[in-house]
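Asker: Okay, handing you the structure first.
The values are calculated or read from the model by the stated rules, or taken from the named source; none is laboratory data. Keep in mind that this is a model prediction, so the values were computed, not measured. Using ideal geometry, Cβ is built from the backbone for each residue, glycine included, and neighbour counts are taken over all protein chains shown.
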Amino acid sequence: MMRSASVALARTGGPVARRLAMVALLGLVAVAFADSSIVVLALPALLRRFDVSITSVAWVVTSYNLALAVVAFAHARARPRSGRAARATYLGGLLFLAASLGCAAAGSVWLLVAFRVAQGAGAAVLLVGSLPLVRRLASTPQRGTALWTGAGVFGAALGPALGGVLTEAFSWRAIFFAQAPVAALGVVAALCIRDRSTDFAGAALDAIGRPRRYAASLALALSSAALVGLLFLAVVQLIDVWRLSPLAAAGVVSVIPLATILAQPLSRRIGSGATTAGAILLGAGLAGMGFLPARNLLWVIAALALAGTGLGLLLPGLTQRVLSDHGPSAAGAAHAIWIRHAGLVAGILLLTPLLASDLAAAGQRAELRGVSAVLDAPVSVGTKAQLALAVAPALSHPARKQMPDFASTLGAQHDPVLAQMGRKLDDVVEATITRGFRRSYLVAALLGLLVLAPLALLYRRDESRRASGAAVVAVAIAVALVGAELASGARAFGARPRLDQPCSSATTQLPGADGHVQQLALSGLDLVACGLHTSREQLVVNAMSWTDKIRSEIGRWARELHLDPGS
């Protein structure tokens, strides 16, 4: 009886039934795309829960995108001529639903990875089948393609923020439990129309040459690779380096889907120049994340808003172009899906080793800067010894699994001087590790800007003028953001330790008798260091200079103690 009712509902095709089915299918599409990055904010919780390395837990993200790309690629290569799109959506939705529940109940990280592979395979099948259904349910096929594309872009942008809210409010398992109702509604919608036959091949391909068709696919792959910086690097930086809670980080990155939504009407007004402007703004936002001049969330929000606007201008039009080049059908959807997620996987494989290398080097710089801050601190030798014992282990590996919290460690000793030093050390380490993200962001920005090369092949002569105007405006906005960051101190933020040259005459004045002893000791160390960098003759000259300096220091000490300097 339920089956006959659902078939009757589909056959009547009333406005309400069609609208409900459309909403359910678009929700399923959005969730399937959101799963590419929805667990990023939960990675720290997974590290603590399963006690594994960062490389192992990264497979929770990579496995989904890799499985989705492989299955979609296989479907695109098969290019079936006919079939039931509703059946594919129904079966893929069931697999996605079952795998989501399996992820929520996983007891080990590798079991979670296995369920994520199944989830990605189900997502590929349901996404391929859902496009023909949405095109049939919409008022026009073109409107259906736009809705399907918009749901995918919005879901991808919303993923990190949604995952952060669920992780903070409940736990990382809630991310997968929350997907179950959405997947179930999508399955019901597909079940209601599963007696309808929808041609997988769809309309005939546009009469265009292969170079232009490849250009659109390359542009989509490059833009997807650039998204790794936007959806992954930014989230890792906010939680693992700046120590924001998942909920707070979700609030910050929510500016991405908000900007994406607001950019949609603008995209329609700009027309063909929207993709060019979007690529420039996406690259500018990623460059802005790389040139942060301070630990200030306003700079992050500005950069993410710019990148989100670029995302909203770039991906919808680019995805629709790929779909039109390969047929707005299940076969075309399969091609667009595997290109997009192959780009994501390539971006992860490119940026992850680069970031790991830079963070290792940043850890060494943070150690040097921390030691320098401790040595130059205006405190007694005993306090410095306490600092050394408390912070040396953390400084040795400042970015291994989680950032050290010196303010809490030293503040627990109820000494205001130590608490102040703890805050200073936190600032030093955070700034240094934040700078370690710079090259990765800039490489991601370069990937976004490289989209302009294949886009140039897609424009006709009359379209290129409008694209040039949009590009000029986007470049002006990009220069304004990056220029403001550089003027605000982006070059110096998290730079190399500012250590005095071994043979310089710079000294740090430390108060009290204890400070004089430290000053003499540091002067002797500087003299030894100077000898390692100079010739013998120069060493004699510097030794005489240091002797005069030591005499001056002893005289100042004697005057403070009201003694006769000559005695």
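Asker: Scan the range 111-141 for residues that are over 17 Å from A69 (Cα atoms) and without any contact (Cβ under 8 Å) to a residue 40 or more places away in the chain and report the count.
Answerer: 3
Asker: I'm checking my understanding of the structure. Among residues of the range 43-70 that are in contact (Cβ under 8 Å) with a residue 60 or more places away in the chain and farther than 17 Å from C103 by Cα, which one is surrounded by the fewest Cβ atoms within 10 Å (Cβ to Cβ)?
Answerer: I54
Asker: Only one of (1) modelled with pLDDT of 85 or more; (2) surrounded by 19 or more Cβ atoms within 10 Å (Cβ to Cβ); (3) under 15 Å from L185 (Cα atoms) is not met by C103, so which one is it?
Answerer: (3)
Asker: So if I check each of S224, S272, which one is at pLDDT below 80 and closer than 30 Å to I477 by Cα?
Answerer: Sole residue among the options that is at pLDDT below 80 and closer than 30 Å to I477 by Cα: S272.
Asker: Which residue is farthest from A121 (Cα to Cα), if the candidates are limited to the range 27-82 and must be charged (D, E, K, R) and either assigned to a loop (DSSP other than H, G, I, E, B) or outside the structural domain of V182 (by TED's automatic domain parsing) (or both)?
Answerer: My answer is D51.
Asker: Then there's this: Which residue out of L133, L111 is buried (at least 24 other Cβ atoms within 10 Å of the Cβ) and more than 23 Å from the chain's Cα centre (by Cα)?
Answerer: L133
Quick grid of which residues meet (1) at pLDDT below 90; (2) touching a strand residue (DSSP E or B) at 6+ places or on another chain (Cβ under 8 Å); (3) within 25 Å of W59 (Cα to Cα):
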site: A303; (1), (2), (3): no, no, no
site: L323; (1), (2), (3): yes, no, no
site: S329; (1), (2), (3): yes, no, no
site: R340; (1), (2), (3): yes, no, yes
site: G363; (1), (2), (3): yes, no, yes
site: S372; (1), (2), (3): yes, no, no
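Asker: Here are some residues: V117, V128. Which one is surrounded by fewer than 23 Cβ atoms within 10 Å (Cβ to Cβ) and among the β-branched types (V, I, T)?
Answerer: V117
Asker: Given the criteria outside any helix (DSSP H, G or I) and more than 22 Å from the chain's Cα centre (by Cα), does S139 qualify?
Answerer: Spelling it out, S139 is indeed outside any helix (DSSP H, G or I) and more than 22 Å from the chain's Cα centre (by Cα).
Asker: Can you tell me which residues in the range 285-344 are surrounded by fewer than 24 Cβ atoms within 10 Å (Cβ to Cβ), without any contact (Cβ under 8 Å) to a residue 60 or more places away in the chain and of a type in the set (A, V, I, L, M)?
Answerer: Across the range 285-344, the qualifying residues are L297, L298, I301, A305.
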